[in-house]
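The structure appears right after this line, and notes come after that.
The values are calculated or read from the model by the stated rules, or taken from the named source; none is laboratory data. Please read these numbers as outputs of a predicted model, since none were measured by experiment. Positions of Cβ are backbone-derived with ideal geometry, glycine not excepted, and every protein chain shown enters the neighbour counts.
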Amino acid sequence: MSESEDIQTGTYVVGFDDAGATDSALVGGKGANLARLVGADLPVPAGFCVTTAAYEALVDDSAIEDAINELAALEPTDTAAIADAGATLRTRIEDCDVPEEVQDAIEAAVDETASDPEQAYAVRSSATAEDLPEASFAGQQETFLNVRGADEIVDRVRACMGSLFTDRAIAYRARNDIPHEDVALAVVVQRMVSSDVSGILFTADPMTGNRHVSVIEGGLGLGEAFVSGEMAADTVRVDTRTKEILNYDVSDQQRAIRPLPEGGTETIDLTSAERTIYVLSDEQVLNLVELGTQIEAIFERPQDIEWCITDDEIYVVQARPITSLFPVPSPEPSDDRLHVYVSMGHIQAFAEAMPPLVRDLWMSFIQTMYVEFGFGADTQWAVEAGGRVYIDMTTQLRISSVRDRLPDQLEATSEPASAGVEDILRRRGDEFRKKRSIGKTITAVPRLAAAAWTGARTGYPLVSAMLDGFVGSFIGEPAPPEHEKAKWVDWGQNIAEQVRAPDTPEERAHAVFNQLDEVIQLPSVGPLLAAFTAGSRLERLCPEAQEDINAIGRGFPDELVTQINLGLGDLADVARARPEVANALRQNASLEEIASLEGGEDFVTAFEEYLDEFGHRATGEMDISRPRWREDPAVLLEAVGATLDHGQTGEHHEHILRIERDALEAAERLEQRADHGLFGPVRRRLVHRLIRTYRAYIQTREYPKQGLGHIFTAWHEALRDTGELLVTEGLLDRSEDVWFLRKDELFTALDGDSIDVDIEARRAEFERHTALDAPPVLTSEGEAPNADIEREDVPEDALVGTDVSGGVVEGPARVVHDPAEETIETGEILIAPSSDPGWTPLFLNAAGIVVEVGGRLSHGALVAREYGLPGVVSVTEATQRIETGDHIRVNGNRGTVELLDRSEQSAAVDDLEGSDEEGS
């Protein structure tokens, strides 16, 4: 039995310096943290903790236990039911008599700590699920100030214990999957400090995430008003390293809370002079920062600290981790300079968390790619943060010609990433500009020349091979799309076969990491670059015809995403002709169940042919831990089933043909528009040539991913098989646990060594990372630069993103986090976290799309334009701020998403469409 378990039996009160006082199971998060501060000899007001044993004694009642157990059935969004259940529980607890032995223990502790009979106390709740690294529960339970007398303290302790079931606390636990019956509540009782000034100290900037900036909020009187946000406070930002006060903003504090002599508090109005003073001196600011540095060192993570000052003495009344911060990139840079990282996921329109082994694979890939292109092997080019992979862009930012163009280059793939880099350059651009003396410049020339030669020697062959075919794409007849498709598929299958070739799982796992340089040897992308160049040139030649230029980039039966969707439409046609199969699909039957029905074999045969072409793809396929469609075809079957009741046989092919006709008509209009004036015939021929190159090769834009999909599948299979092997050898409990190993741990285990890893802890960390919104840009200091997309004339409260597909649509939202588990009905607007090819089946029925990440060249944008769906991407927190069933308006012309009242008339859409057409 542990020391804390010994103490808990019958222990109703412990002092901060008692054995077991740092056990959060006994004294709750707040009490345990204060005990650690007392143990470090930091200034904490004297006091004690009423333990969870006292709480258990108080609620030892079958009716209360039943009511707590019933909370598990409540949904976190059911506010009315939570309010009723919480009120009932609180009333029952507050009506209970505090056990006599608990009262005696509290009275004895009060006598021991009281400096005089009129001593006032602060009584604060301290829950066992509070002030944790992953969940703070800040402000969820009760606090009482200026409490006097043992009887009054006992009453307040009971009220605190009942506040474990406030509406906010119940909903918060439900959202964070914390069982209500597993939580208990202790109470911190401290001698009251009648503070002159009080407030909060954050040892990292909670707004930007910068770990080297402390933020202090302070005001006159007691601190509860500032903690709750009821009153304004002065705000001070300090560079923790240099101790420089970066700025001090004086608030207009109108009122302050003061203690009353008889107990309780009062709110008083401040004089005009008091409202404008600096409440903290420079010395007090720096003393607070130094205190915060000590406390952060104790807990080894940034802290949110409540403090107060009386007679120029600082006291700490609470310390908790700041849970809102996104993790700092790891590993840290080896130099002392600022580094800037861009999210690989945002560039690839997949910003979701990935398990450790997958992150290691992508970090190895990025490192290999940079080295192959001649960059230094001694630089860590990829780091991880919050379950995501980030690419170090610092070297590029130190080259002036690259630095100036980088934001524009990023904008096509992620406008928020572009905005984040611009923000950091605007504020701290000088930190990337090296000032060299003449002597240093001269001595650096040989080294720079050697580096340039190495880069050219290693990188030129790769670049040359990739650009092969660029010029030829403008000359002669374009190659048929089948040629480009076969090139990429053959490339991907060839590398996949190399991964699968070794005989054992161990050798195949090594092949995954050892053959990354093969993946970088891309086939020629010259034709695709020619298409982008032709499109850009057309926009410059015909700036007033953007609608026709958009139109010629659509209507491609051979375009990969179109083939994916047409194939699903064909499967729906097969099912429509076989009623039993159609009914089974509507009921989410499995492929095995369908095979036994009349006409089922025909459908299964067609489905297998579809899988032969696309079964190696997956939803979120960059996360290679996820099953491929062939392994789990549920998302495809659900998409077919959702399509059956909407549309007619062959309608999907007619739709593409209509778009193709529209595109050819738009091409003719562009040529006619160019044919004017003396050089009209020449311009017409030039536009004709550009359109031909553009349409011939822009439809191949998704073919590289079809080839990469084969490689990803081979990686997935190889590493999946190692998990099965390690289960067989007794080293893992479940094969899927392999994804929570690091690369080195995997190969150590494959060599026969035991696995000393807490898989469940890593799985829990991964789940926490999954819930985080990853910033598109991070610095080595943990700062997330401002990545907001700026727009003018945006409707009030509208969400703003990147406009990628024109048009306006209004309708019900459907929030989908995992297309393998959820589907969408015709007419609904898809709200999604990402939009790689695995999401394509859901586009069949969508009326519009809103995606949290991506840019104008991302998969979701391409599909939306191809199908004429109004679309907005890079809409931050869209899946959180929009709920399924919300009536929304998506404006793909302006890049906005509005939440509407259901009574609002759709006639407003016509007005919007008219105004957008006039302005375009």
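Things to note:
- Residues that are modelled with pLDDT of 85 or more, within 29 Å of residue 368 (Cβ to Cβ) and hydrophobic (A, V, I, L, M, F, W, C) within region 450-490 comprise 486, 488, 489, listed in sequence order.
- Residues of region 50-89 that are crowded, with 18+ Cβ neighbours inside 10 Å, of a type outside the set (Val, Ile, Thr) and over 15 Å from residue 158 (Cβ atoms): 67, 71, 74, 85, 86.
- In region 671-705, the residues that are of a type outside the set (A, V, I, L, M, F, W, C), in a helix (DSSP H, G or I) and in contact with a Lys or Arg (Cβ under 7 Å, 6 or more places away or on another chain): 671, 703
- Options 547, 580: the member that is in a helix (DSSP H, G or I), free of Cβ contacts under 8 Å to residues at least 24 places away in the same chain and either crowded, with 22+ Cβ neighbours inside 10 Å or in contact with a helix residue (DSSP H, G or I) (Cβ under 9 Å, 6 or more places away or on another chain) (or both): 580
- Residues of region 803-841 satisfying the condition of being surrounded by fewer than 22 Cβ atoms within 10 Å (Cβ to Cβ), modelled with pLDDT under 80 and among the hydrophobic types (A, V, I, L, M, F, W, C): 820
- Helices (runs of 4 or more DSSP H) wholly inside region 232-349 containing at least 2 residues that are polar (S, T, N, Q): 282-299
- Any hit, region 619-634, residues being in contact with a helix residue (DSSP H, G or I) (Cβ under 7 Å, 6 or more places away or on another chain), in the same structural domain as residue 485 (by TED's automatic domain parsing), part of a helix (DSSP H, G or I) and more than 20 Å from residue 580 (Cα to Cα): no
- Checking each residue of region 188-195 against the condition of being buried (at least 24 other Cβ atoms within 10 Å of the Cβ) and under 28 Å from the mean Cα position of the chain (by Cα) gives no match.
- Of all residues making up region 599-618, the number that are on the phi > 0 side of the Ramachandran plot and either of a type in the set (Val, Ile, Thr) or in a helix (DSSP H, G or I) (or both): 0
Here is a yes/no grid of residues against (1) among the aromatic types (Phe, Trp, Tyr); (2) on the phi > 0 side of the Ramachandran plot; (3) in contact with a Ser or Thr (Cβ under 6 Å, 6 or more places away or on another chain); (4) in the same structural domain as residue 510 (by TED's automatic domain parsing):
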position: 321; (1), (2), (3), (4): no, no, no, no
position: 362; (1), (2), (3), (4): yes, no, no, no
position: 373; (1), (2), (3), (4): yes, no, no, no
position: 382; (1), (2), (3), (4): no, no, no, no
position: 387; (1), (2), (3), (4): no, yes, no, no
position: 391; (1), (2), (3), (4): no, no, no, no
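- Residue list for region 788-802, restricted to those being within 21 Å of the chain's Cα centre (by Cα) and at pLDDT below 90: 788, 789, 790
- Qualifying residue in region 179-189 (condition: assigned by TED's automatic domain parsing to the domain that holds residue 154, outside any strand (DSSP E or B) and touching a Phe, Trp or Tyr at 6+ places or on another chain (Cβ under 6 Å)): yes
- Checking region 720-741 against the condition returns no match, with no residue being buried (at least 16 other Cβ atoms within 10 Å of the Cβ) and touching a His at 6+ places or on another chain (Cβ under 9 Å).
- Check on residue 778, part of a loop (DSSP other than H, G, I, E, B) and either within 21 Å of the chain's Cα centre (by Cα) or crowded, with 17+ Cβ neighbours inside 10 Å (or both): no
- All told, residue 159 falls short of being farther than 24 Å from residue 34 by Cα and touching an Asp or Glu at 6+ places or on another chain (Cβ under 8 Å).
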